[in-house]
Amino acid sequence: MAFVLTRNSEAGLSRPRQIAYIIIIIVFSILIYLFAGRGMRSFLVPSRSMEPTLLPNDYLLTCTEKTYSRGDVVVLIDPEDPKSYIVKRIVAVGGDTVSIDSNALILNGQFASEPYVLEPMQYSMPNSVKVPEGEVFILGDNRNVSEDSSRWDKNSNWKQQTLPIDTIVGRVRCIFLPPSRMQTVQRYPLVNAEGK
């Protein structure tokens, strides 16, 4: 009995199969880079403190960054429970002075526009806070229900109003679940009325 070689058997793998293997290798290489090289991690949003930007039960992907800026949404180690995480927005970095007056964020002595906030703040923080170098001041976008830098000095076991940058796990890059909420989470260039 004679065997007839077909073109596919002579060439080894078919062209579509070669392309599929190449795509698989590329996808795995990207994932290895993101998880090992960029510290990508996933988190579940547990509360309403970041509404409307993030909703309860959103699944997030974060990546570590070399630097973090005002306006970044980040996941941090919870200062009240180091085995847990919180997600908040950085509103001030080292060298900034921040306060809350007349239901608004005052950054370096001037009003700061924050279109992402759910509603006006129903509290004030008249004593300004000078953020030490290497630390950040964070607030939730749903300010009136958020446990954050505005409340830690008086309402919690954490008696500082700032957190060290090394407690940041990563910047939130996207919401990946549920599918109806799938989107990137953009940085917001947070500056005061003078553009500083």
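Out of curiosity, is P16 under 26 Å from S150 (Cα atoms) and either at pLDDT below 95 or loosely packed, with under 14 Cβ neighbours inside 10 Å (or both)? Answer is no for this residue.
Residue check: K66 meets all listed conditions (1) under 16 Å from the mean Cα position of the chain (by Cα); (2) surrounded by 21 or more Cβ atoms within 10 Å (Cβ to Cβ); (3) not aromatic (F, W, Y) but one, namely (2).
Condition check ((1) of a type in the set (D, E, K, R); (2) assigned by TED's automatic domain parsing to the domain that holds T53; (3) modelled with pLDDT of 90 or more; (4) crowded, with 16+ Cβ neighbours inside 10 Å) across all residues:
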position: I106; (1), (2), (3), (4): no, yes, yes, yes
position: G109; (1), (2), (3), (4): no, yes, yes, no
position: E114; (1), (2), (3), (4): yes, yes, yes, yes
position: K130; (1), (2), (3), (4): yes, yes, yes, no
position: D141; (1), (2), (3), (4): yes, yes, yes, yes
position: T162; (1), (2), (3), (4): no, yes, yes, yes
position: I168; (1), (2), (3), (4): no, yes, yes, yes
position: R171; (1), (2), (3), (4): yes, yes, yes, yes
position: P178; (1), (2), (3), (4): no, yes, yes, no
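Of all residues in region 19-59, those satisfying the criterion of being at pLDDT 80 or above and of a type in the set (G, A, S) are S42, S47, S49.
Scanning region 163-196 for residues being free of Cβ contacts under 8 Å to residues at least 60 places away in the same chain and under 28 Å from D81 (Cβ atoms) gives a total of 2.
The values are calculated or read from the model by the stated rules, or taken from the named source; none is laboratory data. Computed from a predicted structure; not experimentally measured. Note: ideal-geometry Cβ built from the backbone for every residue, glycine included; neighbour counts use all protein chains shown.
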